[in-house]
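Here's the structure, in structure tokens; my notes come after.
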Amino acid sequence: MTGEVVISVNNLTKQFGTFTAVDSINLDVYRGEIFGFIGANGAGKTTAMRMITGLLEPSSGEAIVAGFKVTQHPEQVKKRIGYMSQRFPLYEDLTVSENIEFFGGIYGLTDYQIETQMNLVLQELEMMHMRRTLVRELPLGWKQKLAFSTALLHGPEVVFLDEPTGGVDPITRRQFWDKMYKEADRGTTIFVTTHYMDEAEYCDRVSIMVDGQIIALDSPQNLKNQFRSDSMDEVFVKLARSAKRSDL
Ligand code: ATP
């Protein structure tokens with residue numbers, strides 16, 4: 001895959017004391033691509049993603065997102081990205097529509113834009129009848145779909161999703177991926193971490209991180225060919241077997 005580079009990561013490193021959580025990683029992600037950021041527990045994915053989105057200062061190296069160096073222009077970057085964190089990112093004590101209003105406000109939308117987006121999102125998710133339901137009362141799959149739409153309210157160029165489908169059933173996960181494909185078709189770049197290797201198969205390209213380093217990066221098909229494997233699960237097990245930080 002080639003095209004316009006929207007995320008460029010160069011020798012990005014994070015040390016916590018003497019421990020190197022992310023060890024000089026490099027990658028480019030293209031416009032409209034679904035990029036899977038894969039690794040075992042503790043590999044360093046969340047730490048890397050937090051540096052790429054400007055939430056955490058790198059020890060060295062840099063990330064450029066939507067044309068801006070993240071450490072130098074964090075505000076410009078924030079305007080152009082959406083972020084769905086691993087822990088459930090909506091307010092449970094607010095209703096569906098209150099969450100949309102709240103996040104629309106944070107993203108700087110006008111009242112008119114919020115109302116327009118609200119109708120679009122609720123129609124697309126078929127949640128119009130749930131607009132006054134407290135988010136805490138929604139099933140997990142619905143919450144996650146709503147959180148994804150909320151991360152897209154301001155029309156970001158890139159959306160970062162940290163294990164967006166954790167804990168939901170396979171059918172709901174598949175529906176979530178259909179939404180991601182639709183969004184990527186509109187030109188949004190999607191950077192997603194997942195533990196589910198069937199989901200790694202759905203990405204345009206994936207990187208595999210072990211003990212803070214990216215040890216493979218390519219399309220799922222090329223990785224399967226390269227590592228003589230029938231599935232991404234097999235590729236992952238072969239590569240992550242050597243990990244010191246995981247219990248594989
Ligand atoms: P998971 O999928 O479990 O979230 P991950 O790949 O996202 O794993 P990180 O959360 O980035 O991994 O953590 C990478 C390593 O860095 C882990 O060993 C973790 O304990 C360590 N780590 C993360 N944050 C800190 C911190 N603030 N201080 C010290 N160590 C940290």
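The values are calculated or read from the model by the stated rules, or taken from the named source; none is laboratory data. Since the structure is predicted, the reported quantities are computational estimates derived from the model, not experimental observations. In this analysis, Cβ positions are derived from the backbone assuming ideal geometry, glycine residues included, and neighbour counts consider all displayed protein chains. Heads up: the accessible areas ignore ligands, DNA and RNA and are worked out on the full protein's heavy atoms, side chains in. Shrake-Rupley method; radii C 1.70, N 1.55, O 1.52, S 1.80 Å.
Does F176 satisfy being outside any loop (DSSP other than H, G, I, E, B), at pLDDT 95 or above and within 13 Å of the chain's Cα centre (by Cα)? Considered against the rule, which asks whether it is outside any loop (DSSP other than H, G, I, E, B), at pLDDT 95 or above and within 13 Å of the chain's Cα centre (by Cα), F176 comes out as no. Of all residues in segment 64-79 being open to solvent by 40 Å² or more (accessible area, probe 1.4 Å), modelled with pLDDT of 95 or more and touching a Pro at 6+ places or on another chain (Cβ under 9 Å), which is nearest to the ligand (Cβ to nearest atom)? Here the answer is T71. Against the definition (more than 16 Å from the ligand (Cβ to nearest atom), of a type outside the set (F, W, Y), out of contact with any helix residue (DSSP H, G or I) (no Cβ under 9 Å at 6 or more places or on another chain) and touching a residue at least 12 places away in the same chain (Cβ under 8 Å)), how does T172 come out, yes or no? The answer is no for T172. Looking only at residues of segment 94-109 that are farther than 24 Å from T193 by Cα and in a loop (DSSP other than H, G, I, E, B), we find that the one that is farthest from the chain's Cα centre (by Cα) is L94. Take the conditions (1) under 23 Å from V192 (Cα atoms); (2) open to solvent by 30 Å² or more (accessible area, probe 1.4 Å); (3) among the charged types (D, E, K, R); (4) touching a residue at least 24 places away in the same chain (Cβ under 8 Å); D178 misses just one of them, which is (4). For segment 148-158, indicate whether the set of residues that are within 16 Å of the ligand (Cβ to nearest atom), open to solvent by 10 Å² or more (accessible area, probe 1.4 Å) and either out of contact with any strand residue (DSSP E or B) (no Cβ under 7 Å at 6 or more places or on another chain) or aromatic (F, W, Y) (or both) is non-empty. Among the residues of segment 148-158, not one is within 16 Å of the ligand (Cβ to nearest atom), open to solvent by 10 Å² or more (accessible area, probe 1.4 Å) and either out of contact with any strand residue (DSSP E or B) (no Cβ under 7 Å at 6 or more places or on another chain) or aromatic (F, W, Y) (or both), which makes the answer no. Restricting to segment 1-49, give me the number of residues that are over 12 Å from T193 (Cα atoms) and within 16 Å of the ligand (Cβ to nearest atom). Here the count works out to 17.
The residues listed here are L55, L94, L90; of these, the one that is within 16 Å of the ligand (Cβ to nearest atom) and over 24 Å from G3 (Cβ atoms) is L55.
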